[in-house]
Each structure stands twice: as structure tokens, then as C-alpha cells.
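Taking it in order: structure first as C-alpha cells, then the write-up.
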């Protein structure tokens with residue numbers, strides 16, 4: 001079986017070819033980083049030869065096997081919003097045996113990859129996709145997407161000290177970019193803040209708040225770029241309509257499909273299906289979850 005199949009979002013492998021790790025990620029098997037590890041582990045065979053390096057370009061005529069199995073037919077790129085509850089790990093496997101959010105997702109989603117992560121005790125919006133390459137692109141700081149959080153801290157907050165974060169800070173040799181922080185309310189020994197950033201380094205909010213002398217007691221992600229948590233209940237997952245995905249992702253969206261071959265043309269019944277709802281319905285701003 002060759003991997004030149006096309007889906008509704010474009011070819012799995014462009015005519016000019018592409019890097020093997022990117023192709024595996026595009027197929028939804030894993031992330032590009034995981035694909036490179038699989039190759040180094042000897043799990044990937046190209047045209048009958050076991051690969052030892054990811055620095056390989058493949059073409060639509062290449063025969064690729066992973067663990068002895070051909071790549072699945074290309075599937076349309078899909079994106080979901082998921083409300084991660086606190087207490088779940090965001091990796092597929094946990095070395096400590098803790099429960100992961102993937103253990104809780106509906107089986108019918110198939111294999112999906114998270115766009116960014118939230119730590120064990122954080123909650124809120126996680127984007128999921130079946131396209132590993134898309135997940136990698138959406139995580140890049142170059143997208144300029146703002147991640148917005150609602151944060152509860154212990155301590156009496158000095159609003160002027162929060163302004164220190166607007167220019168970025170360096171903590172133990174790690175540089176954290178600008179974070180816009182606003183004090184919503186102070187109630188006794190606790191305060192609620194809204195924080196917006198574009199990088200999202202590991203445990204960034206917890207570390208910068210600890211640097212200012214405040215301990216984070218609750219952290220909820222409200223939005224990731226144009227996508228909102230909205231009224232999703234904890235543990236609920238909801239697909240973003242494909243029309244909205246294309247409108248919101250812009251240059252990051254998968255390439256438009258090429259005209260289908262006559263043998264694979266859509267049936268009249270399929271062509272008559274109604275279009276997905278627009279972004280106004282799917283992504284309108286909604287109240288933040290109650291504390």
C-alpha cells in the first residue's frame with residue numbers, strides 16, 4: 001500500500017515529498033517528536049529498509065510501515081475542545097501510573113494528540129486533534145496566540161507588583177516572556193487574577209507567581225487562541241466544526257483539498273450535506289466557570 005491517498009484536507013504526502021516524521025504526524029499516529037523517536041527505535045520501515053534516521057524525505061510512491069503495518073488512509077483533520085478536570089495527567093502514558101485525560105476520552109475519538117499541556121492540578125481548556133503536525137504548529141509561540149487563565153492565589157496581592165510581569169522576568173536562568181495580569185478581586189487571604197501569555201512554558205504561571213511571593217491554589221485555562229472553554233462541563237469534549245477550524249486557523253490550517261479523482265468523487269448525497277455552523281455560534285465568548 002502506498003501513502004498517496006488524499007483526504008478532505010489535502011494529501012498525506014505532497015507531490016514534492018515531505019520529511020518522514022512529518023508524514024507520520026500528519027497521519028495522526030503520533031507527534032513529530034514521537035515519530036523521530038520511533039524511527040531511532042527501529043520501528044519504521046521505508047521501501048523495505050529499516051530507518052535509522054528521521055532525516056529522510058518520502059514521496060507519494062513510498063511504502064511506509066510502522067511496526068509492520070502500513071499507514072492508515074489519510075483522515076480529515078479534526079479539532080476538539082476538551083475541559084480537562086484537575087487531577088489528570090495530560091500525557092498518553094504516565095511513568096507513575098497516574099490516570100491520564102486520554103483514559104477518560106470517548107473511545108470513538110480514536111487516537112488524538114493534545115495541543116499544549118496543563119499540569120496535574122490545573123484544569124480548563126485543552127485542544128485535541130488527530131493531526132500531529134497541526135498540533136505541533138499550534139503550540140509554536142510564533143502563532144502569537146494568547147492563552148488566557150483564571151488564577152486563584154493565596155496572599156494579599158499588590159497590583160503594582162503584578163506589573164513586573166508585563167516586561168517578562170528571568171527566574172533561575174529561565175526567561176519568561178511578557179504576561180498581562182489583572183487583579184479581579186481580593187477576598188480575605190485569597191485573590192482571583194486573570195493572566196494572559198503567549199508562550200506557555202512548563203508550569204510558567206505557578207513559577208512566576210511563586211517568584212512574586214504568591215502560591216497558586218487553582219488554575220483554569222479559559223482560552224487558547226480563538227478557542228474558548230465556554231460552558232463546557234468538566235470532562236466534556238466537543239468537536240469544533242471544520243468550517244470554523246479553517247476560518248480561525250488561517251495559515252496554520254491544513255491545505256485545501258485538491259480536486260478528487262473521478263473514482264473517489266463524492267456521492268450526490270454527501271455533496272448535499274449542510275455546511276457546518278459558523279464561528280459566531282461555536283466560539284462566542286461565554287462566562288468563565290464559577291469558582
Check your understanding: Can you name the condition, by its number, that residue 193 falls short on among (1) assigned to a strand (DSSP E or B); (2) without any contact (Cβ under 8 Å) to a residue 40 or more places away in the chain?
Key -> (2)
Study note, to complete from the structure: Across region 64-83, the tally of residues that are touching a residue at least 60 places away in the same chain (Cβ under 8 Å), buried (at least 16 other Cβ atoms within 10 Å of the Cβ) and assigned to a strand (DSSP E or B) stands at 6
Review point. Where in region 202-282 are there helices (runs of 4 or more DSSP H), lying fully within it, with 1 or more residues that are at pLDDT 95 or above and touching a helix residue (DSSP H, G or I) at 6+ places or on another chain (Cβ under 9 Å)?
Key: 204-212
Review point. In this structure, does residue 199 turn out to be in a loop (DSSP other than H, G, I, E, B), in contact (Cβ under 8 Å) with a residue 40 or more places away in the chain and under 19 Å from residue 177 (Cα atoms)?
Key: yes
**Study point:** Matching residues in region 54-94 - criterion: being in contact with a helix residue (DSSP H, G or I) (Cβ under 9 Å, 6 or more places away or on another chain) and farther than 23 Å from residue 112 by Cβ
**Key:** 55, 56, 57, 58, 62
Revision key, fill the gap. Residue 36 vs (1) crowded, with 19+ Cβ neighbours inside 10 Å; (2) touching a strand residue (DSSP E or B) at 6+ places or on another chain (Cβ under 7 Å): all pass except (2)
Check your understanding: Does residue 61 fit the bill of being free of Cβ contacts under 8 Å to residues at least 40 places away in the same chain, part of a loop (DSSP other than H, G, I, E, B) and out of contact with any strand residue (DSSP E or B) (no Cβ under 6 Å at 6 or more places or on another chain)?
Key -> no
Exercise for review: For region 90-172, please list each of the strands (runs of 3 or more DSSP E) lying entirely inside it that holds at least 2 residues being in contact (Cβ under 8 Å) with a residue 12 or more places away in the chain, buried (at least 18 other Cβ atoms within 10 Å of the Cβ) and in contact with a strand residue (DSSP E or B) (Cβ under 8 Å, 6 or more places away or on another chain).
Suggested key: 113-115, 123-129, 147-154
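The values are calculated or read from the model by the stated rules, or taken from the named source; none is laboratory data. Small disclaimer: the values here were computed from a predicted structure and weren't measured. Positions of Cβ are backbone-derived with ideal geometry, glycine not excepted, and every protein chain shown enters the neighbour counts.
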